[in-house]
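The values are calculated or read from the model by the stated rules, or taken from the named source; none is laboratory data. Computed from a prediction, not measured in an experiment: that's the story for all the values here. Quick reminder, even Gly has a Cβ in these numbers, built from the backbone with ideal geometry, and neighbours come from all protein chains shown.
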């Protein structure tokens, strides 16, 4: 499955940088510890890639989203046609969609996005429903503690088609 590449504008990248700094400061001031599995990147880097990923998915699905929306992530980044969406980001092109434990997946669906060599380009790898994740996830330790991963995702185009069919169903 080929990833969908989304390009952010210079203005959007700048907004994401500012929002990442604010998110990091708010979370640390609130005593929220980053629960990342990637110990090779800073909290700020992880917040920055995460916000760029959220914005890329919102652009692809034409969902209103503002990187400046403040608040601590409670497991839902936004809603798409009534579906709760959690966007997961990774720096690794071949990264997996992962959660620290099955209970951490609280949204209806999760979407995996990877960074690319260009800061403004994000690659939407695919999505999975919570139910399918719970049925198929495997426990994995990448050397930084156990987590639960899936390797097979549905394409973002498949999500759009499914939602479009549902919204236009008769009866």
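Below are the figures for this structure:
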quantity	calculated
Residue within region 120-134 that is farther than 17 Å from residue 53 by Cα, touching a residue at least 24 places away in the same chain (Cβ under 8 Å) and part of a loop (DSSP other than H, G, I, E, B) present	no
Strands (runs of 3 or more DSSP E) completely within region 47-99 that count 2 or more residues being free of Cβ contacts under 8 Å to residues at least 40 places away in the same chain and under 18 Å from residue 148 (Cα atoms)	83-90
Filtered residue count, region 22-33, keeping only those that are under 17 Å from the mean Cα position of the chain (by Cα) and either loosely packed, with under 14 Cβ neighbours inside 10 Å or modelled with pLDDT of 90 or more (or both)	0
Checklist (1) at pLDDT 95 or above; (2) buried (at least 17 other Cβ atoms within 10 Å of the Cβ); (3) not in a strand (DSSP E or B) applied to residue 19, failing item	(1)
Residue list for region 124-156, restricted to those being exposed (fewer than 15 other Cβ atoms within 10 Å of the Cβ) and within 29 Å of residue 8 (Cβ to Cβ)	142, 144, 151, 152
